1. Quickly run through the range 41-76 and pick out the residues that are more than 15 Å from the chain's Cα centre (by Cα) and of a type in the set (Lys, Arg).
2. May I ask you to verify whether Glu95 is out of contact with any His (no Cβ under 9 Å at 6 or more places or on another chain), loosely packed, with under 14 Cβ neighbours inside 10 Å, among the acidic types (Asp, Glu) and at pLDDT below 95?
3. Just one of (1) touching a residue at least 40 places away in the same chain (Cβ under 8 Å); (2) in contact with a helix residue (DSSP H, G or I) (Cβ under 6 Å, 6 or more places away or on another chain) trips up Ile111, so point out which.
4. Take Ala101 and tell me if it is assigned to a helix (DSSP H, G or I), modelled with pLDDT of 95 or more, surrounded by 15 or more Cβ atoms within 10 Å (Cβ to Cβ) and under 18 Å from the mean Cα position of the chain (by Cα).
5. Pull up the range 107-150, narrow it to residues that are in a helix (DSSP H, G or I) and small (Gly, Ala, Ser), then point me to the one that is farthest from the chain's Cα centre (by Cα).
6. Any residue that is surrounded by fewer than 18 Cβ atoms within 10 Å (Cβ to Cβ) and in contact with a Pro (Cβ under 9 Å, 6 or more places away or on another chain) - is there at least one of those in the range 79-88?
Amino acid sequence: MIALYPGSFDPITLGHLDLIERGAKLFEKVIVVVSCNPTKKPLFSVEKRIQQIVKCTNHVENVEVDSFLGLTVKYAQLKQAQVILRGLRALSDFEGELQMAHTNKTLWDGIETIFLATSNEYSFLSSSVVKEIARFGGAVNHLVPENVVQDLKNATF
């Protein structure tokens with residue numbers, strides 16, 4: 001079974017990486033999809049985010065990284081994926097994620113959404129938190145993969 005793990009990953013965090021590694025144990029293949037959202041102004045380009053993800057997931061054989069502009073379910077159909085993988089950090093995440101899961105199901109009945117609870121040590125973590133800490137020169141090496149630390153130091157906020 002093929003699972004998609006869509007997100008902006010701006011940047012990828014250790015919480016994202018944990019979910020990718022855990023998902024890779026559950027599914028035949030996990031496709032990490034960098035979503036191109038024209039309404040957001042990301043810190044890193046799509047190409048840079050793909051590079052970051054590829055570098056920190058190269059130890060996981062059944063992970064593929066790609067990008068897509070459009071509906072996730074359309075990409076799922078294109079890749080013959082049956083599952084959308086999503087992480088839940090807190091109860092506040094659940095309402096929005098459930099709404100999206102139901103919406104995706106109305107768009108294509110062949111897709112299911114699987115929620116994985118975030119590991120305790122990453123339950124507070126988000127890309128927004130990481131960017132805020134990095135913007136003001138704080139240490140982020142305990143929050144993001146090693147290859148992303150330098151990218152954040154060199155970023156123009």
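1. Hits for the range 41-76 are Lys41, Lys74.
2. It is true that Glu95 is out of contact with any His (no Cβ under 9 Å at 6 or more places or on another chain), loosely packed, with under 14 Cβ neighbours inside 10 Å, among the acidic types (Asp, Glu) and at pLDDT below 95.
3. (1)
4. Yes; evaluated as a whole, the condition is true for this residue.
5. Looking at the filtered set, the residue picked out is Ala134.
6. no
The values are calculated or read from the model by the stated rules, or taken from the named source; none is laboratory data. Only a predicted model underlies this, so the values are computations on that prediction, with no experimental measurement involved. All Cβ positions, even for glycine, are placed from backbone atoms using ideal geometry, and neighbour counts span all protein chains on display.
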